[in-house]
2 protein chains.
Amino acid sequence: MSSSDLLVSLNQKALNLLEEDAYKIEKLIEIQMENLTTRQCPLYEEVLDTQMYGYSREIDFAIRAGLIPANVGKELLNKLERNLAKLYEALNKK
Amino acid sequence: MSSSDLLVSLNQKALNLLEEDAYKIEKLIEIQMENLTTRQCPLYEEVLDTQMYGYSREIDFAIRAGLIPANVGKELLNKLERNLAKLYEALNKK
């Protein structure tokens, strides 16, 4: 494998991992949201904050390690935040 | 640069970043510990837990992205935990 192929492969792997992690967080939060009794609970807020923090640390590391460009990392984080906001809105309309 | 040189360089960069991050967490916790009034405070515990969680997410990502071997990641996390425990002991003896 050439060094440019290797870099593309590592970058793609990093991106896939980050997208998978965002999806896992969405699913986790969705399950928590569906349990309406806990949605107003401080524990729920804490889970959300902790997950977002952990994800932002992963993304920051991937950027610094040269695996993804900074703008892609920012977009991944924004996308997760938008998706979580949509989930929250959808549930409030029920 | 050959692909093996590139991989060594990316791996070394990832390791350096993780070591720097552990050092920053140690310094942050040390400063917090020196402020004795806050050491028993839940907020302090929360800062420690959050930092350790964020660091474990970074390490987990680095392992999955193929940048460091799993045993190296585990050792980095153990080392940080040991160093924080030492700081805590040293301060309690004062």
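Readers should treat all values here as calculations from the given coordinates under stated rules, not as data from a laboratory. No experiment lies behind these values; they were computed from the predicted model shown. Because the Cβ atoms are built from the backbone with ideal geometry, glycine has one as well, and the counts that use them run over all protein chains shown.
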Please work out the Cα convex hull volume for region B:3-93 and give it in Å³ per residue.
75
B:Ala85 to A:Glu34: FRET efficiency via 1/(1 + (r/R0)^6), r the Cβ-Cβ distance, R0 45 Å, to the nearest 0.05?
0.70
Mind putting a number on the dipole of region B:15-94 about its Cα centre? Charges go on the C-beta only, +1 for Lys and Arg and -1 for Asp and Glu, and I need it in Debye to the nearest 20.
200
How far is A:Glu89 from the same spot in each other copy, in nm, shortest first, if each label point sits 7 Å from Cα toward Cβ?
5.4
Mean ellipticity per residue at 222 nm, deg cm²/dmol - from DSSP H runs of n ≥ 4 across the protein assembly as shown, formula -39500 (n - 2.57)
-30500 deg cm²/dmol
For B:Glu30, place a label point 7 Å out from Cα along the Cα→Cβ vector, do the same in each other copy, and report the separations in nm, one decimal, smallest first.
4.6
FRET efficiency estimate (nearest 0.05) - Cβ-Cβ, A:Lys93 to B:Glu20, R0 35 angstrom:
0.15
